[in-house]
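In what follows, a structure is listed as structure tokens, so that the remarks can point back to it.
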Amino acid sequence: MTESTVGSALQAVRQALRSKGPSAGSEAQLLVAEAAGRTRTWVVSHPEAALLPEQQHNLDHSVARYLGGQPLPYVLGWWEFYGRRFLVTPDVLIPRPETEGVIERGLEYLRGRSRSARILDIGTGSGCLAITLAAEFESAVVLASDLSYAALRVAARNADEHRVRDRVRFVLADLVPPSRTAVDLLVANLPYVPRSRLADLEVTRAEPRLALDGGRQGLDLILQLIERLPGILNPGGRAILEIDFSQAGTIRRTLPRRFASWKVAITADLAGRERYVTLDRPG
């Protein structure tokens, strides 16, 4: 590509991405905007603006990476979640829109409180859950854990970017971090893909397997965490776990009897698929 204006670059990138289907236009805008250091709105409204040679070089490189199979968020270096940009690298799972439902259910609980809250985010990845909850609920103190040190470094950078580092602490831990302090709200988007399906999924070719592998049934870590909730949540506390819609029935059947007094709900995402397990401990 030798285009020197924003408009001609948009046209060329859109044409190069035609195999991506109907999303080619919006993706071209994102790529050109990133190369130009501008917003999508600016790019669309300034087709006559010139692209510097270095910007054109960066654009060409980004398009080549995307066409070569890298997910767009990794090419851009960021992705949006709940209205905020989060740094993403191949060390972390790309934030998905359906995970915003965890935030909505968490804020519903937090806004019903008249005091500060202690929050635990298990398997934090990019930190999108922990950081968003801290940003949206300013009296929250958050502990976020992950088994990947590389992921925690990405999450810490995101916490700095969104200016919540003073209220979000990151710790390397296998599932539940060692702590004697109970929490009011626990959120987790743990791996839930059955191990037997991993090889068939395109997502596993680029995103970290550690963030996807849910064991034999896909529920290994989720069920382990549920078993430990009585020792983690304060009375009146809430846990919100994201699952695959195909696992809702198994969760209902295998929930331990000691949760009989808890309020348990499995609710759907915007596509109507059962996605969120909410467990409220009696207060």
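Derivation of every value follows stated rules applied to the coordinates shown; laboratory data play no part. These numbers come from a predicted model, not from an experiment. No Cβ is skipped: glycine too gets one built from the backbone with ideal geometry, and neighbour counts run over all protein chains shown.
So the values come out like this:
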| read-out | value |
| --- | --- |
| Choice from Gly25, Gly77, Gly218 with maximal GNM fluctuation in the chain (Cα, 10 Å cutoff) | Gly25 |
| Note, ³J(HN,Hα) from phi for the range 122-132, Karplus 6.51, -1.76, 1.60, rounded to Hz, x at Gly and Pro | 9, x, 5, x, 6, x, 4, 6, 4, 6, 5 |
| Among Trp42, Trp79, Trp262: highest mean-square fluctuation, GNM of the chain, C-alpha pairs under 10 Å | Trp42 |
| Among Ala155, Phe245, Thr267 - extreme Cα towards positive end, dipole of the range 155-283, charges at beta-carbon | Thr267 |
| Cα centroid separation - the range 61-102 against the range 203-263, whole Å | 25 |
| Rounded to 5, percent antiparallel among DSSP beta bridges of the chain | 45 |
| The range 225-283 shape via C-alpha gyration tensor axes, a/c threshold 1.5 | prolate |
| Helix-derived mean residue ellipticity, 222 nm - over the chain, DSSP H n ≥ 4, -39500 (n - 2.57), to 500 | -10000 deg cm²/dmol |
| Among [x] 39, 21, 16; [y] 28, 25, 18; [z] 37, 28, 18, the entry derived from the coordinates for semi-axes √(5λ) of the Cα gyration tensor in Å | [x] |
| The range 128-257: C-alpha gyration tensor shape, a/c 1.5 cut-off, then a/b vs b/c | oblate |
| For the range 53-59, Karplus couplings with θ = phi - 60° (6.51, -1.76, 1.60), whole Hz, Gly/Pro x | x, 5, 5, 5, 4, 5, 5 |
